[in-house]
1. For a test of the definition: using alpha carbon positions, the gyration tensor, and the 1.5 limit on a/c, classify the range 1-136 as rounded, prolate or oblate.
2. Under the √(5λ) rule applied to the eigenvalues of the Cα gyration tensor, what semi-axes describe the equivalent ellipsoid of the chain? Give them in Å, descending.
3. Find the relative contact order for the chain and round it to a whole percent, using C-alpha pairs within less than 8 Å whose residues are 6+ positions apart.
4. So, in nm, how far is label residue 184 from label residue 357 when the simple model puts each one 7 Å beyond its Cα toward the Cβ?
5. Spin-label point model (7 Å from Cα, Cβ direction): what's the residue 95 to residue 227 distance in nm?
6. Across 10 Å bins from the origin, how do the percents of Cα pairs in the range 216-258 run, short distances first?
7. Sorted from fewest to most neighbouring beta carbons within 10 Å, what does the list 153, 2, 124 look like?
8. Which residue, 11, 197, 341, has the most motion in a Gaussian network model of the chain that connects Cα atoms within less than 10 Å?
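Laboratory data are not the source of any read-out in this text; all were calculated from the coordinates shown. Given the structure is predicted, the values throughout are model-derived calculations rather than measurements. Every residue, glycine as well, gets a Cβ built from its backbone with ideal geometry; the counts of neighbours run over all protein chains shown.
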Ligand code: T4K
């Protein structure tokens, strides 16, 4: 079996084209393309309402949003982060000469393990940065208690968790602030984009100024700032996709259930589970390939690639095994046994609004096939 076209992990969810083009026409009529235009302001208000958070400041992408959050919080020295994450989580720190101190993960949730944090705390530690990996919130209460005990900040890289809740409250409301990515590959996209959500008025004000070069008024600069602004065309995409969220969730959840049925009872293969009592974006179909499976994770990936199914090994091999961290911290892996074991086993499969039930059935059938039948 080989699919006619290539099926990618991360293929975008796209809302109504008509609505999008209508908004883009309005944008051209107004001749206002960026710098806090009408569409950006409308998007920020709608995002804040959706998340139930006081401030949601849009950004040009999630990485710059992380950098601005880190700077606005005044972080320095060392920040404790998981290594099983996209490289941007670590780079946003080192880019500002802050050392990411990699912490091991919890075996079940794949998120930073609060029990492992204390051993990494030093006088230089200024914050913990949790990552809500694959739509599943961190153990937020334990992390907050740890941050409070040590008088340090807590922020979240929530790039994967837009549209998810924790104890009934939307992600975006926790820690000092939470950083979202609206990249094309995310559940909700603005082509490129992101945001910082916070309930802290003072922090929000600082973030707003830093996102626009530090300007406060036309000829007055108050901070070192950068250009983190979202454009109007990205906001047009965001407003359109916001209207499609219920549909996206419905399709993602349906896809998850089809995968769950199709992949059940395969030796050595387990599918990520989500808490059905909470809101979830169901955006990540992650399987763990164990020793009992006839193929290794990499062999399974090769098999799928040969069939035009572009499964991905997110986030192998872990940030600590990529440069410059591999050279700067050559022994980091000794503290990360679970990260290293899990990173060897995870495989992400395609989902999203571009993937239908028949295709998922084909993918599952292909995975079920014994190597001798391929
Ligand atoms: N923190 C976390 C935990 C993150 O996962 C990310 C981003 C960030 C922070 C930073 O946020 P941003 O600054 O990106 O807003 C991709 C994305 O570029 C990246 O946004 C994402 N995480 C990461 C997990 O995936 P690559 O290097 O894997 O991209 P690439 O080009 O290989 O594309 C990914 C897959 O998506 C491929 O299978 C192709 C498919 N794709 C991609 C695009 C852009 C499509 O089908 N259509 C498309 O338009 O990083």
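1. Numbers: a/c = 2.52, a/b = 1.50, b/c = 1.68.
It comes out oblate by the Cα gyration axes.
2. Numbers: eigenvalues 226, 154, 57 Å².
For the chain, the ellipsoid semi-axes come out as 34, 28, 17 Å.
3. Values: 782 pairs, mean separation 87.0, N = 374.
So the answer I get is 23 percent.
4. In this crude label model, residue 184 to residue 357 measures out at 3.0 nm.
5. Result for the modelled spin labels: 1.4 nm.
6. P(r) over the range 216-258, rounded to whole percents: 21, 25, 23, 17, 11, 2.
7. Details: 153 20, 2 9, 124 12.
With the sparsest Cβ surroundings first, the list reads 2, 124, 153.
8. 341
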